[in-house]
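Okay, handing you the structure first.
The numbers here are math on the coordinates, done by the rules we state, and not lab data. Predicted, not measured: the structure shown is a model, and the values here were computed from it.
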Amino acid sequence: MRIGELAQASGTTTKTLRYYEQAGLLPAPERTTTGYRDYEPATLQRLNFIRRGQAAGLTLAQIREVLHVRDAGAAPCHHVRELLDSRVHQLDRQIADLQALRENVTELRDAAAAPDPGACDPTDVCRYL
């Protein structure tokens, strides 16, 4: 299938497909006698895998590693498990950071619940921040 057909079938753009090819996520496709890219139907499955990896928060570099393991003929299950473990730990840290930020912003908001502009120091922009 040509690049436009693949882009439409996968819900992406031809620019993205060219980028994925350049970045090593998609193998270089065969070319027609007129020079057009001619992708195998299995490329759709690969693109779906890339999309699922991105949805899980994996980087394109990490997804490329998984694809290289599979392309070498090995099952990438253990590698994927390690990546997902790492991702879960990153998410836990982000959640903890966001919860701490929320508490801080809530305290600031509560302090500003009954603002008294007359009590403000004119040299400060705002005493609540």
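Whole Å is fine, so just give me how far the alpha carbon centre of segment 113-129 lies from that of segment 9-32.
If you average the Cα positions of each part, the centres end up 56 Å apart.
In nm², what is the average projected area of the convex hull enclosing the Cα atoms of the chain?
13.3
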